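The values are calculated or read from the model by the stated rules, or taken from the named source; none is laboratory data. None of the values given here were measured: they were computed from a predicted structure. FYI the Cβ positions are ideal-geometry reconstructions off the backbone, even for glycines, and counts take in every protein chain you see.
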Amino acid sequence: MTRLIAIPALAAILSVAAIADANAGSWSRSHSVTGPRGTTSWGSSGSCSGGSCSWQGGGTGFRGNSWSRQGQATCSGGTCNWNGEFTGPHGNTHDYGGSFHY
């Protein structure tokens, strides 16, 4: 259960890291890791304009389990607020969100 909560939290933090400069345009990333149990792949994409960003992404684990996430953020007056939704490999959905000052 801790991993299911940590994954969207980490994803949100990494996605929001570029929001302080919220005119960054579009971006996409993809990665994969192959180990003794197989390959895990994940990726994300998003865009920023006018102080707002949105993103989506997901991945597939070495056992074929998949997950997805989506979210959005808005920055103004030195504060960024973000929220989104994470769907785990068994279809369970979790909302996430938060804010930080820059």
Starting from the range 80-99, keep only residues that are more than 15 Å from Trp67 (Cα to Cα), then list their pairs with residues that are of a type in the set (Ser, Thr, Tyr) and assigned to a loop (DSSP other than H, G, I, E, B) whose Cβ atoms are within a distance under 9 Å, requiring at least 6 positions of separation or different chains. Cys80/Tyr102
Only one of Thr93, Thr39 is at pLDDT 95 or above and exposed (fewer than 15 other Cβ atoms within 10 Å of the Cβ); which? Thr93
Residue list for the range 61-96, filter: of a type in the set (Phe, Trp, Tyr), in a strand (DSSP E or B) and under 20 Å from Ser30 (Cβ atoms): Trp67, Phe86
Flagged pairs (Cβ under 7 angstrom, 6 or more apart or on separate chains; first in the range 64-79, farther than 14 Å from Gly97 by Cα and in contact (Cβ under 8 Å) with a residue 12 or more places away in the chain; second of a type in the set (S, T, N, Q) and in a strand (DSSP E or B)) are Ser66/Thr60; Trp67/Thr87; Ser68/Thr87
Residue, surrounded by the fewest Cβ atoms within 10 Å (Cβ to Cβ), within the range 68-79, restricted to residues that are under 20 Å from Ser47 (Cβ atoms) and at pLDDT below 95: Ser76
